[in-house]
Each structure stands twice: as structure tokens, then as C-alpha cells.
Amino acid sequence: MHPAYSVILFTSLSGAGYGLLGLLGLTAGTTTSLPGPGTLIAAFLLAFLLITGGLLASTFHLGHPERAWRALSQWRSSWLSREGVLALATYPPALIFAWLAITDHDGGLLRVLGLVTAFLCAITVVATAMIYASLATIRQWHQPLVVPVYLAFALASGATLLLGFAVLGGQMQPGHLILAGGTLVLALLLKTLYWRAIDQEPLDLDMGKATGLGHLGRVRQWEGAHTAENFVQQEMGYRIGRRHAGKLRRLITFGLALALLCVLLTAVLPGSLGAFGVLLALAFTLAATLVERWLFFAEAQHVVTLYYGAERA
Amino acid sequence: MTSLPDTSAAGQKKLGLVIDLDTCVGCQACAVSCKEWNDQGMSAPLSDRDPHGADPLGVWLNRVHGYEAGEGAEAQGVYFPRSCLHCEDAACVTVCPTGASYKRAEDGIVLVDPDTCIGCKLCSWACPYGAREYDQDQGVMKKCTLCVDRIYNDNLQPEDRVPACVKACPTGARHFGDLGDPDSAVSRLVDEREGYGLLPELGYKPVNKYLPPRRRDAAAAPPSLASLAGEGDGLTERFFRWADRVLSR
């Protein structure tokens, strides 16, 4: 599948934003250890910036961005529509929750709104992942692990951001380190399991099945339908990712492992060195997430490639 | 509304095409007449980029592939026209976030409303058959309309009220009709010739059907080349076998 940069930015950035916002909500809902107001303002600002920036980026690849509001109408059948509705529905409780948290409001309402915000963040990320996971035409996306992987990467990037704010605000607690380290390990584990799943699944569709001509013998393309590339080939026939999948997977694994190492260093390094460690951890997490998202698109093979000469899908 | 209409009732109209792979000669007349009709009718503009240049890119709603099946003397060339199959379980419709993509309850035709399509291209991802092509100039998705602006068009002569591709086919390889009616000509054709839908594994239940190429008669197979020397015991055969041995040294 052709990896559209707007969609890669959208899913990674808004994922990180929802991860951070959701973890702030969860912290407020279950503990009394939210960071101080100054740090909170910065954290909420960045979370809303990432979410809003990501959502805006997702409209860049549309043919008619000015009609994007129409996408809120078909939530009964379309995961893309549900994602839009949930993304918008997250704003009101999240904004009130942020206001209460920053103004140091400490009460039941803050806890409830924190949990509601965390829940909405989580199901918005689930809806994003379901846009892809619901497509039976793309084997590498139509997988039970796609939703957990999206959630894990949102959590890992959100937790690393939260750790960053805690360290820079001088309010780091062991919980922040455990959360960042744990979610990075979770993301790496789930992604590794995902790769194993898509590699082990047999490619049981071939050109004979796609054309229904298999009963005549082996089927191969003999004459293309057109002499220049068409939209279908450009959008669905992207192959570069599959060619380099092995290297890119190692790169993602390496990036997440380095991020984890930097989180561990942050735990033991004092003061400003710790801040340096957490910034490095952030950079590695973000880079690994972007490459992961790019590869998610680029190594996915669409069934329609069978009509255009692919032997199996 | 991108939820699918209930089409389970008996006698539900399911308009579609039946394509005979045995008689299609790959002349591309259907593809060209489709382009010609639809770049002027309700699908207009069916835009082309750089049409006469080095890197043309254009929207066509019908594509004719050529495949080869089988090995050696048994191999057979098959031309394979590919366009929207107007699936009963059309995932391209249900994934649409705006309601621009819809399936008509009255005849099962799958259409796109160009005034509400946002050009997100998700429907093209959901289609296993590559039936949808994006119009770069108009920023919306295009697809086969089953020539909905021909088949109900009172301004045309009754015999012209069929899709442009069907009208254009010189070998009669394309048939149009109601596949929901078991007694229609197209349904009978599917029964007689064991017509099939594409990729039943995926469960989209395409309405369009393909008629498989007929098996070639053994008698129609080209004779094998006679060997140079022959197999008899006559003087000529022995002479040529000797000549074959000498010349093969």
C-alpha cells in the first residue's frame, strides 16, 4: 500500500497525543500524583497540539478537505466515520478535565472526567486501528494484533512524553519510569508477535483464484490491461517496503530498544543528565513509531495486486 | 447512507453483467466505449493527466487484462475484462464515512455521489477487484455506474438502453440483465455455463458473473510436427534416419 505521509503523521502524532492525554486522565483518575500546574499546562498543550495537528494532517490527503465534516455522518457502518466522531467527542470532557487539573481542582469530578478522557482516548485509537484492521482486502492489516499494536505504540509514545514532562518539571516518580519502560517493552513485544503472525500466515490467494481460471492450470499475466500505471497500481501496488522489510523491522526494534535503554539511564542519571536521557528516549520512540507506521503501510499487500501480476497475496 | 440496503427479499432486482471469457477477444472496445460514454455523462469529467505525454495517468472504469492459463500445448490465452461487480456485500459502501458511496435498493447498482465524496480513497482500499479509480482533477472517486444514465434513458431507443460496454462488444461477450431473477436470460446463461463470481473467499458476493472459457476439443489441438525420419521400414524412411544420424554428428 502506498504510504501517504499525511496518514503516517496523523496516526503517529495523534496516537502520541492520545497516549499522553489518556495517561494523564488515568493518573488523575486512579492516583493523586499529577504533576504540578506548570508541567501540566505544558503537557496538556502538547497533547492537544499533537491530537489536533494529527487530525488536521489526516485531511491533507483528501480530495475535498472542505467536506471533511461529512465524514461524521456514517458512524453506523464506517470505522473512519466512528474515528472522527470519537475524536471530536473526546475534546469536551478532555478540555474540562485539563482545566480542572491545571486549576488544582481535587475532587470526584476530576477523577471521573480523567477516567472518561482516558477511555475516549483509548477507543479513538482503537477506531483508528479498526479503519485498517477491518479491511479484508489487505492480509497484513486484517489481523487481530493490529488494534493492540496501535494501542501499545500510542501508550509507549504517550508514556515517554509523560516521563519527559515529569523529568523536566523535576517531579519524576518511579511510576513514570515503570510506565514508559513497560509500554516500550509491550510495543516491541506486540509488534514482534505481529510480524511473526503475518510471516507465518500462508498466502493462499493466487492469480488462479483471483481470476477463477485456476482450473485450467497455472495462471500468469500475459498482457497488461494498460501501458501506463493507473491509480490502482500507484495506490495499491507499492512494493518498496516489502523489499526492505527485514532491515526496517530491525531498525524499529533497535529504535525501541535504544529508547528503553535511555529510559533506564534516566532512572540512574542525576539531574540534567537525566533530562538528556529522556529527550533521547523521546527521539528514539518517535523515530521508531514513524518507521513502524511507514512500514505498516509499505509492507501491506492488497489483493488487487493479483490482477496485476503478483503471484500470491 | 452507507449501510447496505436489505436485498435478501425474493425477486430483488440485481442488475449486473455476465462476461463470457470464452468469446472475449480482447479488442478493448468495451473499455474504450466505457471511457467515451462516461467522460461525457454523469461521471464526467473522467479526467486524464498528461494523456499524450510520456507519463499518462487516466481514469478508466473498465480494464481488459490478458492472462495465460495452463502449460505447453494445453495453454490457453484468456482475455479478462475487469470492472465494478456491484457486490451484494459491498465493503466499498460500508467503509465510506460520508454516505457518498451507496448501493441502490431498487436495482443494486453501486454509485458514488460526486457532490459529497471527500476523496479519502478508503473505498478503493476496501475493493478487492480494483474497480474504483480516483479522479485527480475532480478530487473524487469514480467507478462503473452500469451506465445508469443509459439503461433508464427514455431518450434512447430501447435497444440502446444497455451499458455502453455491452452495446460495443463485437463478439457478444458481454450480457446485461437482472441476476436477481432466476428466469432472466443472464441468469439462465450463468446456470448453463457454470458462471462464477470472483474471489468468493472474501465474501463480497459480486453480482456480475464470468462464464469460464470452454475446454478445447482434443481434435482441435494443433497436430504435432512430423518427425524428419518417420517410423516405417521403407527405403525413404531408412534413408532419412541415416541422413538424420549423419547430420546429427
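Below, the figures for the structure above:
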| read-out | value |
| --- | --- |
| Within region A:169-194, tally of residues that are out of contact with any helix residue (DSSP H, G or I) (no Cβ under 6 Å at 6 or more places or on another chain) and either within 11 Å of another protein chain (Cβ to nearest Cβ) or hydrophobic (A, V, I, L, M, F, W, C) (or both) | 4 |
| Residue tally, condition loosely packed, with under 15 Cβ neighbours inside 10 Å and part of a helix (DSSP H, G or I), over region A:66-88 | 3 |
| Residues within region A:11-53 that are surrounded by fewer than 23 Cβ atoms within 10 Å (Cβ to Cβ) and in a helix (DSSP H, G or I), tallied | 17 |
| Residue within region A:104-120 that is under 22 Å from A:S12 (Cβ atoms) and among the aliphatic types (A, V, I, L, M) present | yes |
| Given (1) away from chain A (no Cβ under 11 Å); (2) assigned to a loop (DSSP other than H, G, I, E, B), number of the condition B:G26 does not satisfy | (1) |
| Matching residues, region A:129-178, being open to solvent by less than 10 Å² (accessible area, probe 1.4 Å), under 20 Å from A:P270 (Cα atoms) and of a type in the set (V, I, T) | A:T160 |
| Qualifying residues in region A:218-237 (those that are open to solvent by less than 30 Å² (accessible area, probe 1.4 Å) and of a type outside the set (V, I, T)) - the one farthest from the other protein chains (Cβ to nearest Cβ) | A:G237 |
| Filter pass, B:P97 being open to solvent by less than 10 Å² (accessible area, probe 1.4 Å), assigned to a loop (DSSP other than H, G, I, E, B), at the interface with another protein chain (Cβ under 7 Å from one of its Cβ atoms) and over 30 Å from B:R214 (Cα atoms) | yes |
| Qualifying residue in region A:238-253 (condition: within 14 Å of another protein chain (Cβ to nearest Cβ) and either modelled with pLDDT under 90 or crowded, with 19+ Cβ neighbours inside 10 Å (or both)) | yes |
| Total residues in region B:64-73, condition free of Cβ contacts under 8 Å to residues at least 40 places away in the same chain and open to solvent by 20 Å² or more (accessible area, probe 1.4 Å) | 3 |
| Test: B:V25 is surrounded by fewer than 21 Cβ atoms within 10 Å (Cβ to Cβ), in contact with a Ser or Thr (Cβ under 7 Å, 6 or more places away or on another chain) and either closer than 20 Å to B:H65 by Cα or at pLDDT 95 or above (or both) | yes |
| Selection from region A:89-120 of residues that are over 12 Å from A:G22 (Cα atoms), part of a helix (DSSP H, G or I) and either more than 24 Å from the chain's Cα centre (by Cα) or small (G, A, S) (or both) | A:A89, A:I96, A:W99, A:L100, A:A101, A:I102, A:G108, A:L109, A:L110, A:R111, A:V112 |
| Selection from region B:60-94 of residues that are among the hydroxyl-bearing types (S, T, Y), at the interface with chain A (Cβ under 10 Å from one of its Cβ atoms) and within 29 Å of B:I151 (Cα to Cα) | B:Y79, B:T94 |
| Selection status of B:G177, among the small types (G, A, S) and within 14 Å of chain A (Cβ to nearest Cβ) | no |
| Total residues in region B:60-92, condition modelled with pLDDT of 95 or more and either part of a loop (DSSP other than H, G, I, E, B) or polar (S, T, N, Q) (or both) | 11 |
| Residue in region A:197-213 that is open to solvent by less than 50 Å² (accessible area, probe 1.4 Å) and within 26 Å of the chain's Cα centre (by Cα) present | yes |
| Residue count for region B:43-59, restricted to those that are touching a residue at least 24 places away in the same chain (Cβ under 8 Å) and either at the interface with chain A (Cβ under 10 Å from one of its Cβ atoms) or open to solvent by 70 Å² or more (accessible area, probe 1.4 Å) (or both) | 3 |
| Some residue of region B:74-83 being over 24 Å from A:Y132 (Cα atoms), within 15 Å of the chain's Cα centre (by Cα) and among the hydrophobic types (A, V, I, L, M, F, W, C) | yes |
| Leading residue by the ranking (farthest from A:S78 (Cα to Cα)) among those in region B:118-149 that are within 9 Å of chain A (Cβ to nearest Cβ), out of contact with any Pro (no Cβ under 8 Å at 6 or more places or on another chain) and among the hydroxyl-bearing types (S, T, Y) | B:Y134 |
| Any hit, region B:182-196, residues being closer than 27 Å to B:N38 by Cα, at pLDDT 85 or above and touching a helix residue (DSSP H, G or I) at 6+ places or on another chain (Cβ under 6 Å) | no |
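The values are calculated or read from the model by the stated rules, or taken from the named source; none is laboratory data. Just so it is clear, the model here is predicted, and its values are computed rather than measured. Glycine also receives a Cβ, built like all others from the backbone with ideal geometry; neighbour counts cover every protein chain displayed. Each accessible area value is taken on the protein alone, full model and side chains, heavy atoms only, with ligands, DNA and RNA left out. Shrake-Rupley method; radii C 1.70, N 1.55, O 1.52, S 1.80 Å.
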